[in-house]
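Read through the structure below, which is laid out as structure tokens, and then see the notes.
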Amino acid sequence: MKQELYQHTFSNGLTLLAERMPHVRSASLGFLIPAGCVYDPNHQLGLSSVLMEILFRGAGNYSSRALSNALNSLGIDHSEGSGLFNSSLSASMLSKNLEKALDLYANIILAPHLPESEMDAVKNLLIQDIEALEDEPQQKVMIELTRHYYPNPINRYKRGTIEGVQNTDVASLRKQHKNYFQPDGTILAIAGDFEWSRLRDHVQRLFGDWKANPVESIQVDSNNYQSVHLSKEIEQTQIALAFPSVPVSDPDFYKARGAVGVWSLDMSSRLFTNIREKYGLCYSVYASYESLRDRGTIVVYAGATPEKAQETLNRTLQELRILKDGIEDEEVDRVKVGLKSALIMRQESTAARAGAIASDWYFLKRVRPLQEIQTHIDQLSTKSIIDYAERYPPFPLSLVTLGPKELQLNH
Amino acid sequence: MAFHHHQLNNGLTILGETNPSALSLAMGFWVRTGSRDETSEVSGVSHFLEHMIFKGTERRDSFTVNRDFSRIGADNNAWTSEENTFYHAVVLPEYLPALVDVLADIMRPSLREEDFNTEKSVILDEIVRYQVQPGWAAYDHARKTFYGNHPLGNSVLGTTESITALTRNQMMNYYNARYLASNIHLVVAGNFDFSSFVELIDQACGKWPTGKVERLNRTEVNGAGGIHIVEKPEEKVSQEYLMMISPGPAANSPLRYAASVLATAIGDYAGSRLYWALTDPGYADECGMGADECDGAGAYYLSLNCNPDNIKKCYQIVTELYKIVQDKGLSEEEIDQAKTKIASREVRASERTHRRMLQIAKDWAYLGEYRNLDDELAAIEAVNLKSIREVLDAYPLSNYTTTAFGPCSAII
């Protein structure tokens with residue numbers, strides 16, 4: 001797997017990462033700015049989301065409409081949002097329009113208008129978005145799981161609360177932008193066809209004068225591990241649970257991915273086979289891995305009719321607990337092929353590559369060559385995954401359920 | 001990139017687009033059957049059958065099927081629509097023979113009674129799962145209302161009643177009538193050799209039965225018209241979900257590119273008329289419009305959801321917007337922007353083998369021809385003020401049927 005990877009950190013702390021993919025006509029870019037919702041003031045939860053929403057409503061010499069026209073005329077698709085620690089902005093386009101896209105993003109990031117006249121509209125959109133969660137039971141239960149498993153402020157819902165959004169104002173937005181939209185710790189990742197030195201110089205011209213204003217790191221407690229049942233008359237009980245794993249930087253990271261793979265890589269994995277296929281208990285059940293810089297977590301979801309919910313929960317927990325008791329060689333072989341195939345297939349997408357190199361830098365302060373990931377995948381074995389499962393059992397655990405009837409957590 | 005084409009003696013069509021620089025290959029069987037081809041007694045059988053395809057054959061039980069996809073790291077799935085069922089997988093090039101071995105095999109399923117009963121409960125659960133999502137429930141209602149007795153209004157999932165009553169025999173009869181080699185085409189896109197692929201397929205699929213397959217009622221639909229309110233208690237559905245469906249060009253109509261530009265200019269998520277009219281002022285959190293082109297008929301779908309307090313205002317804005325576009329058409333600048341967006345998305349998406357496979361399969365199903373990316377880009381580029389006017393005259397936007405799903409008892 002031949003790769004062309006580039007990296008440069010400018011004197012103000014902005015890191016530019018780039019992967020050249022000479023066979024493509026597209027390009028993707030992504031900014032990770034350390035301005036996520038953990039920095040929202042307690043009475044203004046949602047401030048960072050309001051900021052992301054209003055960012056495109058006029059910037060630099062562009063009015064809201066002119067900016068929209070400029071993006072559309074270049075065929076740039078974009079999405080942006082506030083996360084826990086980072087706010088992210090990403091865009092995809094044809095490679096030939098990459099520099100023009102960067103010009104527009106320099107305006108958006110460095111000189112947004114943040115107009116008072118747009119505040120009501122933006123707040124209304126966010127509030128409706130939060131209200132609409134009531135109609136999305138699966139999303140709702142996952143947000144509640146986060147709220148109960150993690151400590152403040154990393155248990156926040158990134159969109160904030162209705163009250164918090166209502167409390168935001170332009171003055172706080174300007175302050176938030178001034179304090180947190182700064183280059184120190186910001187990552188700009190690009191994948192596509194480009195000429196490196198020209199790209200680096202272009203980014204230097206646009207962002208070289210951006211003033212650093214280092215953000216103090218936030219001290220976060222250990223997890224809360226709370227459980228709760230939320231009563232609601234719905235036709236399908238939503239089950240979500242979480243327990244500790246290791247972060248991306250940990251030597252056990254690949255073993256954690258291997259364990260999740262045995263549970264939930266595809267339709268032949270244990271959860272799908274034993275919960276859905278063997279017993280027909282539910283349509284959807286899966287486990288996934290998520291990581292912050294200092295901690296990793298396994299999250300499990302199942303949705304089942306109220307009559308089958310208790311059995312679904314029991315069997316799911318059972319699957320999680322017995323991983324340490326034995327794994328077939330063949331199961332691990334499948335996980336290895338699956339992880340390897342996914343790794344290579346993602347190489348066909350500039351958006352996926354831009355996302356991957358940004359994530360590597362955020363967690364590891366370096367970009368892992370594909371060959372290195374491949375070697376780690378090859379080294380997975382039944383022994384190494386069992387060893388991991390023994391050290392990271394599904395305990396302590398948060399269980400959050402949403403439905404007409406409370407479920408019992410059988411130990 | 002080169003195109004290859006071959007037909008087996010039993011009528012199975014094999015299409016290939018080879019791209020030696022691709023890192024993967026995508027392969028899929030496209031079956032021209034879906035809920036529009038069902039009678040009401042077997043409503044949902046196409047989709048249920050799609051699940052049963054993964055439940056095993058004479059050579060494999062369901063666990064082996066899943067394991068054999070997994071063993072080769074396949075990214076595989078299937079979907080069923082109103083008129084097509086598609087079984088597809090992406091793998092690394094070296095796994096092509098193993099992929100053919102399993103994907104071709106499962107297309108001749110055993111449909112064992114025991115598997116049928118287990119899977120039935122999964123389907124019933126899937127129906128509930130969709131019912132509790134108001135966005136989807138609104139869509140299902142809106143389609144039924146718009147299409148009335150036309151088969152395009154048939155539900156893909158079926159109902160709890162129809163699925164509960166369905167027997168294995170009914171499914172077997174449906175399978176025998178629809179899954180004939182002449183009604184299926186096979187597409188591969190990516191890094192592979194076509195002639196050795198044809199040999200593999202001849203061995204695997206050459207004995208599949210063939211025969212004549214019909215589709216009834218391929219007429220255009222005018223829609224029921226009017227406003228249809230589906231009222232739900234607020235504790236069940238918190239937001240109001242609105243859908244407007246108007247007749248549009250069919251999948252083989254030369255007007256389809258103009259329809260797609262029109263829908264993008266009106267209803268794209270960014271910078272469209274709807275965006276400026278509803279999202280920018282904060283009235284509706286989500287809104288969009290698209291053209292859905294089917295076999296013999298087509299439609300525009302406009303959907304939005306918002307706080308119930310905003311629905312009257314939103315509906316008024318949207319109906320006025322439709323009227324203005326109908327009367328005045330689009331500006332040249334809007335047309336250019338929409339064309340640029342569509343072309344940019346097309347080029348980017350085509351970098352994935354999966355997308356090329358899907359596009360080739362679809363073109364063959366509806367047009368009976370192969371089109372490469374440049375053909376597509378040229379057709380988009382050719383859209384102008386005149387063709388936009390043509391499509392508006394042929395399929396007026398003002399001809400909509402409205403469905404409102406949520407707590408509101410009135411929207412005007």
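Just the residues that are β-branched (Val, Ile, Thr), within 14 Å of chain A (Cβ to nearest Cβ) and more than 12 Å from B:Leu25 (Cβ to Cβ), please, taken from segment B:65-109.
If we filter segment B:65-109 for residues that are β-branched (Val, Ile, Thr), which is where we start, we get B:65, B:72, B:80, B:85, B:90-91, B:100, B:102, B:106.
Imposing the further condition that a residue be within 14 Å of chain A (Cβ to nearest Cβ) reduces the set to B:65, B:72, B:90-91, B:102, B:106.
Matches in segment B:65-109: B:Val65, B:Val102, B:Ile106.
In the set B:Ile72, B:Ile53, which member is among the aliphatic types (A, V, I, L, M), more than 30 Å from B:Thr167 (Cβ to Cβ) and buried (at least 20 other Cβ atoms within 10 Å of the Cβ)? Step through it out loud before you land on a result.
On the way: B:Ile53 fails: more than 30 Å from B:Thr167 (Cβ to Cβ).
That would be B:Ile72, the only listed residue that is among the aliphatic types (A, V, I, L, M), more than 30 Å from B:Thr167 (Cβ to Cβ) and buried (at least 20 other Cβ atoms within 10 Å of the Cβ).
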Flagged in segment A:112-151 as more than 8 Å from chain B (Cβ to nearest Cβ), in a loop (DSSP other than H, G, I, E, B) and in contact with a helix residue (DSSP H, G or I) (Cβ under 9 Å, 6 or more places away or on another chain), in numbering order, are A:His113, A:Leu114, A:Pro115
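Please enumerate the residues belonging to segment A:152-177 that are over 22 Å from A:Ser227 (Cβ atoms), assigned to a loop (DSSP other than H, G, I, E, B) and β-branched (Val, Ile, Thr).
A:Thr168
Looking only at segment B:110-123, filter to residues that are free of Cβ contacts under 8 Å to residues at least 12 places away in the same chain and facing chain A (nearest Cβ under 10 Å); which one of those is nearest to A:Glu330 (Cα to Cα)?
At the first step, the residues of segment B:110-123 found to be free of Cβ contacts under 8 Å to residues at least 12 places away in the same chain are B:114, B:117-118, B:121.
Checking the rest, the ones that are also facing chain A (nearest Cβ under 10 Å) come to B:117-118, B:121.
Numbers: B:Asn117: 29, B:Thr118: 26, B:Ser121: 29 Å.
The selected residue is B:Thr118.
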Flag for B:Asn191 being over 30 Å from B:Pro308 (Cβ atoms) and touching a Pro at 6+ places or on another chain (Cβ under 8 Å)
yes
A careful count of residues in segment A:287-314 that are more than 21 Å from A:Arg391 (Cα to Cα) and more than 14 Å from chain B (Cβ to nearest Cβ) gives 3
Only one of A:Arg366, A:Arg334, A:Arg295 is under 26 Å from the mean Cα position of the chain (by Cα), crowded, with 19+ Cβ neighbours inside 10 Å and of a type outside the set (Phe, Trp, Tyr), namely A:Arg334
Residues of segment B:2-19 being of a type in the set (S, T, N, Q) and under 13 Å from B:Met357 (Cβ atoms), in sequence order, are B:Thr18, B:Asn19
Quick count over segment A:26-50, residues being of a type outside the set (S, T, N, Q) and touching a strand residue (DSSP E or B) at 6+ places or on another chain (Cβ under 6 Å), is 9
When segment A:6-41 is checked residue by residue, the ones that are crowded, with 22+ Cβ neighbours inside 10 Å, hydroxyl-bearing (Ser, Thr, Tyr) and in a loop (DSSP other than H, G, I, E, B) are none
Residue pairs qualifying under the 9 Å Cβ cut-off, at least six apart or on distinct chains, with the first in segment A:213-233 being under 26 Å from A:His177 (Cα atoms) and the second being modelled with pLDDT of 95 or more and loosely packed, with under 14 Cβ neighbours inside 10 Å, are A:Asn213/A:Lys178; A:Asn213/A:Asn179; A:Val215/A:Asn179; A:Val220/A:Pro151; A:Val220/A:Asn152; A:Val220/A:Asp294
Okay, helices (runs of 4 or more DSSP H) sitting entirely in segment B:325-404 with 2 or more residues that are closer than 28 Å to B:Thr145 by Cβ and away from every other protein chain (no Cβ under 14 Å), I get B:353-367, B:385-394
Here the qualifying pairs (Cβ atoms under 7 Å; residues six or more apart or on different chains; first in segment B:21-37 and within 10 Å of chain A (Cβ to nearest Cβ) and in a strand (DSSP E or B); second crowded, with 24+ Cβ neighbours inside 10 Å and at pLDDT below 95) come out as none
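Identify the residue in segment B:330-351 that is among the hydrophobic types (A, V, I, L, M, F, W, C) and touching a residue at least 24 places away in the same chain (Cβ under 8 Å) and, among all such residues, is nearest to B:Thr18 (Cα to Cα).
Here is the first cut: in segment B:330-351, the ones among the hydrophobic types (A, V, I, L, M, F, W, C) are B:330, B:335, B:338, B:342-343, B:347, B:349.
Subset that is touching a residue at least 24 places away in the same chain (Cβ under 8 Å): B:330, B:335, B:338, B:342-343, B:347.
On the way: B:Leu330: 39, B:Ile335: 33, B:Ala338: 30, B:Ile342: 24, B:Ala343: 22, B:Val347: 17 Å.
Here the residue is B:Val347.
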Among strands (runs of 3 or more DSSP E) entirely inside segment B:164-257, those with 3 or more residues being at pLDDT 95 or above and touching an Asp or Glu at 6+ places or on another chain (Cβ under 9 Å) are B:184-190, B:240-248
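Can we say B:Met107 is of a type in the set (A, V, I, L, M) and either farther than 22 Å from B:Trp364 by Cβ or at pLDDT 95 or above (or both)? Break it down stepwise before answering.
Numbers: of a type in the set (A, V, I, L, M): yes; either farther than 22 Å from B:Trp364 by Cβ or at pLDDT 95 or above (or both): yes.
Yes.
Just checking, which of A:Leu98, A:Leu14, A:Leu74 is within 14 Å of chain B (Cβ to nearest Cβ) and touching an Asp or Glu at 6+ places or on another chain (Cβ under 9 Å)? Let's see the steps before the verdict.
Values: A:Leu14 fails: within 14 Å of chain B (Cβ to nearest Cβ); A:Leu74 fails: touching an Asp or Glu at 6+ places or on another chain (Cβ under 9 Å).
The unique qualifying residue is A:Leu98.
The values are calculated or read from the model by the stated rules, or taken from the named source; none is laboratory data. Just so you know, these numbers come straight off a predicted model, no measurement behind them. Because the Cβ atoms are built from the backbone with ideal geometry, glycine has one as well, and the counts that use them run over all protein chains shown.
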